[in-house]
Amino acid sequence: MTNTSPLNKAIDHFQSNYDLYFKKFEEFLRIPSISADSTYSGDIQKAATWLADYLKQMGMQSVQVFQTAKYPIIYGEYLKAGANKPTILMYGHYDVQPPDPMDEWKSGPFEPVIEGKNLVARGSSDMKGQILAGLYAIESILDAGALNVNLKFIYEGEEEIGSPSIVEFIKEHKDLLKSDFCLNLDAGMLGADKPTIVYGLRGLAYFEIYIQGPDHDLHSGLFGGIVYNPAQALAELIAGMKDESGKILLPGFYDAVIPISEDERRELARLNLDEKYYMKQTGTSQLYGEAGYTPVEQIGARPTLDVNGLRAGYTGEGPKTVIPSTAMAKISTRLVPNQTPEMVNQQLIQYMQEHAPAQVKWEVKQLSSDPASVADRDYFATQCFVNALKEVWGVDPVYKREGGSIPIVSHMKDILGIESVLSGYCLPGDLIHSPNEHIHLPTWKNGILANIHFFYNLGNKDAC
Ligand code: BES
Ligand code: MN
């Protein structure tokens, strides 16, 4: 006997339309919507239009593409469930990270291919696949006639460059965006059998440091040794930012940091993410880091500082004897609650004032900056999501504070006054931001089923 409950109808709809949904997913992945590189601004527009069209085709109302100073923000809504039903704000970003280094991709980053159980393409896991996991679930419930929640959608094209336009946008459109809570699937899970609620994210303060020495590149034989080489100055400055125990030496860097409580330490330890796990994830034979903290503590609850890029002198084939006139480094710091990007900006400037050699000029530019966030784990919609994950995976989800950043989360709270349910179906091994990014299709499918349960329970059950 076939079971024709609306929930099963929705699941059937997804399963019987899987091929079509998969094709649409590939179509979305073929658009190289790279936000960091302005050469691709046309493709960003294309991805925005693609997504807006998809919302329209699903029957969502008032779909609009808002232009911003940079890339469009898409809005849409479905308000047919009525005022006594919750309104969920669906957040996502349709931009992706640059694919480089290109020669490490086994196939084209924007030519999706299946490899084993994975679909390989830039943006597959972070986060076009997560956007569609939300939309496909909604479509399936709609088809089963059981969509009894209100929805609003906000999709941005600038998350991977720090979301510079979205704060202004949500300030200006508070009424339009008024919702009960946000569902944000841009976080991830700890393993294919470990559905996860992310209850904290780190903030980010990102800088470029420019060093200027001689006013032009110099012959390193004719002038080497008598001028302060900017590449050397930069290397020394970077080296001085940490001591041998991994402690960050920007003046006052830890002053605002809230220590990890013993309870949280115990809880993080229970996740069983030991050194071996991180060695495997990173492909290293030895880890490094702040003395006195385990890797999972460092990633979730301690601030860190890293070099993300360096440019100086000649790096092409063969030798070129030259003293570069300039050097540049991209430095990111990941922040924990109570630290602000402005504080770190001041600390870095003070560090440079105290340590940069007098022979060079320097400049610090602040790029993206967003504060950390910690969410309420007991929030009703989070618990509702916990139940949906349980229904599909058959196990209790784990709770984790993640090291990554999603700028909008803290602003959803400050500006719109709403909590975010943070989860998603990205696995630690999905190689997000790296060559050969992929999404694990069985996990993606389970994720869509979990989303179906979540929307269904929220709209059709008294308690979920
Ligand atoms: N989806 C990631 C963040 C993430 C991944 C959170 C996995 C939790 C688990 C997001 O797209 C991202 O990469 N954010 C950037 C933000 C930055 C550019 C402002 C990051 O963390 O580097
Ligand atoms: Mn990302």
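The values are calculated or read from the model by the stated rules, or taken from the named source; none is laboratory data. All values derive from a computational prediction rather than experimental measurement. Please note: Cβ atoms are built from the backbone with ideal geometry, for glycine as well, and neighbour counts cover all protein chains shown. Please note that ligands, DNA and RNA were not included when accessible areas were found on the heavy atoms of the full protein model with its side chains. Shrake-Rupley method; radii C 1.70, N 1.55, O 1.52, S 1.80 Å.
Taking a probe of 1.4 Å, how large is the accessible area per residue of the stretch 153-262, in Å²?
Per residue, the stretch 153-262 has an accessible area of 42 Å².
Compute the relative contact order of the chain as a whole-number percentage, counting only Cα pairs closer than 8 Å that sit 6 or more residues apart in sequence.
This gives 26 percent for the chain.
Which whole-number percent is the relative contact order of the stretch 162-249 (Cα, under 8 Å, 6+ apart)?
Once divided by the residue count of the stretch 162-249, the mean separation gives 13 percent.
Nearest 0.05, what FRET efficiency do K106 and K46 give at R0 = 35 Å with Cβ-Cβ as r?
For K106 and K46, the calculated efficiency is 0.90.
Indicate the helices, whole DSSP H runs only, in the chain that combine a mean Kyte-Doolittle hydropathy of -1.0 or more with a Cα extent along their long axis of 18 angstrom or more.
41-57, 129-143, 341-355, 380-393, 441-460
How much accessible area per residue does the stretch 322-387 have, counting only protein heavy atoms and a probe of 1.4 Å, in square angstrom?
I get 44 Å² per residue for this part.
So what's the net charge close to S285: Lys and Arg +1, Asp and Glu -1, counting the other residues with Cβ under 12 Å from its Cβ?
Spelling it out: positives minus negatives among the neighbours equals +1.
Given the options P442, M343, M127, identify the residue whose Cα lies farthest towards the positive end of the charge dipole of the chain (+1 on Cβ of Lys, Arg; -1 on Cβ of Asp, Glu).
Farthest along the dipole direction, towards plus: P442.
Work out the length of the dipole vector of the chain about its Cα centre, built from +1 on the beta-carbon of each Lys and Arg and -1 on the beta-carbon of each Asp and Glu, and round it to the nearest 20 debye.
For the chain, the charge dipole is close to 700 debye.
Give the residue list of GluC sites (Glu not before Pro) in the stretch 235-281 that are DSSP loop and have at most 16 other beta-carbon atoms within 10 angstrom.
Those satisfying the criteria are E244.
Residue by residue through the stretch 363-368, what is 3J(HN,Hα) from phi via Karplus (6.51 cos²θ - 1.76 cosθ + 1.60, θ = phi - 60°)? Round to whole Hz and write x for glycine and proline.
Per residue, the Karplus-derived 3J(HN,Hα) values read 8, 10, 10, 8, 9, 6 Hz.
Kindly identify the stretch 21-145 as rounded, prolate or oblate by the Cα gyration tensor criterion: order the square roots of the eigenvalues as a ≥ b ≥ c, call it rounded if a/c is under 1.5, otherwise compare a/b with b/c, prolate if a/b is larger, else oblate.
Here the stretch 21-145 falls in the oblate category.
Any idea how far the Cα center of the stretch 20-72 sits from the one of the stretch 429-464, in Å?
20
Within the set K194/K280; K85/K174; K117/K194; K24/K413, which residue pairs have Cα atoms separated by over 21 Å?
Among K194/K280; K85/K174; K117/K194; K24/K413, the Cα-Cα distance tops 21 Å for K24/K413.
Below 8 Å between Cα atoms, with a sequence gap of 6+, how large is the relative contact order for the stretch 1-117 in percent?
25
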